[in-house]
Amino acid sequence: MMAEIRMREALRDAMAEEMRRDGNVFVMGEDVAVFQGAFKVTEGLMEEFGEKRVRDTPISENTIVGIGVGAAMAGLRPIVELMTVNFSLLALDQIVNHAAAIPYMFNGNARVPMVIRMPGGGGHQLGPTHSHSFEALYLQVPGLLVACPSTPADAKGLLKAAIRDENPVIFIEHESLYGIKGEVSDDEDEIVRFGEAAVRREGEDVTIVGILKMAHVAEQAAAELEEKHGISAEVIDPRTLRPLDLDTILASVRKTNRAVIVEEGWPHGGVGANLSTLITEQAFDWLDAPVQRVTGADVPMPYSRRMEQAAIPHEENVIEAVLAATEGAIGPGKGGS
Amino acid sequence: MAQVPDRDTCLELLGRMCLIRRFEEEAGRQYQRAKAGGFLHLAIGEEATIVGTTSVMREDDYLIGTYRTHGHALARGTPADAIMAELFGRETGTSGGRGGSMHIFDAERRFMGGYGIVGGNLPLAAGLAFASKYRDEDTVTVCMFGDGASNTGNFGETMNLAALWELPVVFLVENNLYGMGTSIERHSAVTNLSHKAEGYGIEGERIDGMDVLEVRDRVSAHLEEVRTKGRPSLVEAFTYRYRGHSAADPEIYRDKSEVEEWRQKDPIENFIKVCVEDGVLSEEDVQSARDEADETVEAAVEFADRSPEPPLESLYEQLYVVGETMGWYAVDERSPEPHRGELGEDAPEKARDLAETVADRESEIERQHRPGVRE
Ligand SMILES: Cc1ncc(C[n+]2csc(CCOP(=O)(O)OP(=O)(O)O)c2C)c(N)n1
Ligand SMILES: [Mg+2]
């Protein structure tokens, strides 16, 4: 059965279902129990599962993650919620030096099956300490899996997969997407496997890759490109950045011969920088134009509404990038390439 | 002074301490011969703190330590062979050559690892203890760390959380008076580290870490207390390392006379004296303990020496577990090979080439910078 629910509910349902299925799954984080989550994602969990399995923690990010790592090594399946991705920087040591390294450095004799959820992204005037996007940071670390869902259905399916998975998973959520609605299956066995991109819209002229909120921005831009410019864009949401379903992206680029990558994070060493290199390395002969990147501005996120909006990519920016990539080669009255 | 235990216990304590001492001396020698690489931190002088503690732990209790933990693994029963092989970076090492001296691990004996990040093991200890409590098991986790680590944020965070959640952890500071070359007076505002427990509302006690019988006595009381009351405690074992912080330490921060002074309190020699005076052990017992340690360590070096290097094909193994939820991972994104289905076991050409290039470069570096013998 499908039902239309919000992203935050989909995430909550994923946790609740997995907690019912497996007694080793528990949730901890700052204000996840009594307060029910800073973004209300853990609503109702304490009521159903009690304080033993839904635990408020002190403000001690590195230790919260470390307790999760230790508990996972001893066979539990922790879900750690960090209040925002910016705060996850205080836990980088446990995430990178411990969670990611332990399975490898102990030669597989220890495993760290845990999920670290963290919301990020701008758009809420929270300024330079609460609004960032660190997908690129985490995607760089071998040993971690990185999920970045953009729809309620993917949020649920990927979170269920993450909880069942044997590896440490960085699960990035976007604060602006918590309220969006979508059809979500209530089949408890349904998961979204890691490493499988979703083609959101099929097209012929250009491939647009977008993650998190930018997956939606990419889709909206594609609709407008079709309508106003006669450009048929294929839109891909990778859904997970590690592993990355490069096959699907490359197949699309080989068909459209153009690529535009959209993300909210910073340009230097970003998701787009990485993906653009991969496309150039592996599909160079198919490219008719340089790969375009649409990114957040290269500054700490400003507070002023005007400035913040200017620092975040919008449809116009995507359209502009697509037009630059197609250089007028496609569209009504301009003929084929 | 604690009571002298029975003969078997004394033999066991002496045997383990001698083994650690011999192992560490030999590790230092093998490092100078460039058989072991990286950093090498020896625990010579700290044997009583280690063995006193492990000798009163239950088999199902967890132990977790730092980068100075060859001895802790030995005390837990990990074969010297596997530890020496890890120092040599061999496939037969405790971590298959992926961890090295700072990252010894033996889950089977519940030695939950050595960790190279100062203070990094404290949250992990709380996590292990949390798992025990979650499952209603009465196992205790012993977390050992240095005086220097007591200044890290992890110390404050973890002590608070463990006390708040009533986690069964004995936090044991191996206070050897230095964090690398910085003496405790120069790195900690409070130098009686057991007092740091007060701020978290838990018990703290300073003990003589050079006296294996006192360590046994006191740690066993703490274990009992933590096991039954389910609250953490802090033990500060006063101890000393005779050797430098690591093998690359010229020791300009302390006087030779200070080292000499501590040698007078040698944990092994003093224990021998007590046992022989008491009559529980004879001179022959002592000699055979030393001989046995010699033999074990000699065999360990031989074992490590003839163990194979880890195969380069295994470079990408053990990075991820592949299964229902994630069916594959790309071993190197740069590989132009098809991506789906790439598993660690069959790394593509490109990945293998990369590994070999690195290996070639390393042996070149070795030839240039590593003469057979180090000073
Ligand atoms: C987070 C971190 N900072 C610095 C270091 C470098 N370092 C390694 S050991 C050490 C001293 C630690 O002293 P202590 O905790 O007293 O342990 P000991 O070596 O004396 O056993 C330092 C600074 C490190 N490994 N990790
Ligand atoms: Mg020290």
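Things worth noting here:
- Counting the residues of region A:234-244 that are within 19 Å of A:Arg193 (Cβ to Cβ) and more than 8 Å from chain B (Cβ to nearest Cβ) gives 6.
- Selection within region A:85-105 - open to solvent by 10 Å² or more (accessible area, probe 1.4 Å) and more than 9 Å from chain B (Cβ to nearest Cβ): A:Asn86, A:Phe87, A:Leu89, A:Leu92, A:Val96
- Restricting attention to region A:161-178, the residues that are under 17 Å from B:Met326 (Cβ atoms) and buried (at least 24 other Cβ atoms within 10 Å of the Cβ) add up to 10.
- Condition met for B:Thr94 (assigned by TED's automatic domain parsing to the domain that holds B:Asn151, polar (S, T, N, Q) and within 16 Å of ligand 2 (Cβ to nearest atom)): no
- Just one of the numbered conditions (1) open to solvent by 10 Å² or more (accessible area, probe 1.4 Å); (2) part of a loop (DSSP other than H, G, I, E, B) is not true of B:Thr139: (1).
- Filtered residues of region B:164-186 (kept if outside any loop (DSSP other than H, G, I, E, B), more than 16 Å from ligand 1 (Cβ to nearest atom) and open to solvent by 20 Å² or more (accessible area, probe 1.4 Å)): B:Leu164
- Test: residue in region A:251-261 that is buried (at least 21 other Cβ atoms within 10 Å of the Cβ), touching a Pro at 6+ places or on another chain (Cβ under 6 Å) and touching a residue at least 40 places away in the same chain (Cβ under 8 Å): no
- Scanning region B:122-180 for residues that are within 23 Å of B:Gly45 (Cα to Cα) and of a type in the set (Phe, Trp, Tyr) gives B:Phe145, B:Phe171, B:Tyr178.
- Screening B:Ala129, B:Ala149, B:Ala189 for residues that are of a type in the set (Gly, Ala, Ser) and away from ligand 1 (no atom under 16 Å from the Cβ) leaves exactly one candidate, B:Ala129.
- Scanning region B:133-144 for residues that are hydrophobic (A, V, I, L, M, F, W, C) and either within 16 Å of ligand 1 (Cβ to nearest atom) or at the interface with chain A (Cβ under 9 Å from one of its Cβ atoms) (or both) yields B:Val142, B:Cys143, B:Met144.
- Of all residues assigned to region A:115-132, none qualifies as being open to solvent by 10 Å² or more (accessible area, probe 1.4 Å), outside any strand (DSSP E or B) and within 14 Å of chain B (Cβ to nearest Cβ).
- Identity of the residue in region B:106-129, without any contact (Cβ under 8 Å) to a residue 12 or more places away in the chain and facing another protein chain (nearest Cβ under 8 Å), that ends up farthest from ligand 2 (Cβ to nearest atom): B:Ala107
- In the set (1) out of contact with any Lys or Arg (no Cβ under 8 Å at 6 or more places or on another chain); (2) buried (at least 24 other Cβ atoms within 10 Å of the Cβ), the condition left unmet by B:Leu87 is number (1).
- Every residue from region B:192-204 that is open to solvent by 30 Å² or more (accessible area, probe 1.4 Å), within 16 Å of ligand 1 (Cβ to nearest atom) and assigned to a helix (DSSP H, G or I): B:Lys196
The rows are residues; the columns are (1) more than 15 Å from ligand 2 (Cβ to nearest atom); (2) at the interface with chain A (Cβ under 7 Å from one of its Cβ atoms); (3) charged (D, E, K, R); (4) in contact (Cβ under 8 Å) with a residue 60 or more places away in the chain.
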position	(1), (2), (3), (4)
B:Ala131	yes, yes, no, no
B:Gly146	no, no, no, yes
B:Ser150	no, no, no, no
B:Phe155	no, no, no, no
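- Residues that are surrounded by fewer than 24 Cβ atoms within 10 Å (Cβ to Cβ) and within 12 Å of another protein chain (Cβ to nearest Cβ) number at least 1 in the following helices (runs of 4 or more DSSP H) confined to region A:1-76: A:7-21, A:45-53.
- So A:Glu316, is it closer than 17 Å to A:Ala218 by Cα, loosely packed, with under 14 Cβ neighbours inside 10 Å and in contact with a helix residue (DSSP H, G or I) (Cβ under 9 Å, 6 or more places away or on another chain): yes
- Number of the condition not met by B:Arg340 [criteria: (1) at pLDDT 90 or above; (2) within 7 Å of chain A (Cβ to nearest Cβ); (3) open to solvent by 60 Å² or more (accessible area, probe 1.4 Å)]: (1)
- Of all residues in region A:134-160 being open to solvent by less than 10 Å² (accessible area, probe 1.4 Å) and of a type in the set (A, V, I, L, M, F, W, C), the one that is farthest from the chain's Cα centre (by Cα): A:Leu144
The values are calculated or read from the model by the stated rules, or taken from the named source; none is laboratory data. Every value quoted in this text rests on a predicted model; they were computed, and no experiment measured them. Glycine gets a Cβ as well: all are built from the backbone with ideal geometry, and neighbour counts include every protein chain shown. Heavy atoms of the whole protein, side chains included, go into the accessibility calculation; ligands, DNA and RNA do not. Shrake-Rupley method; radii C 1.70, N 1.55, O 1.52, S 1.80 Å.
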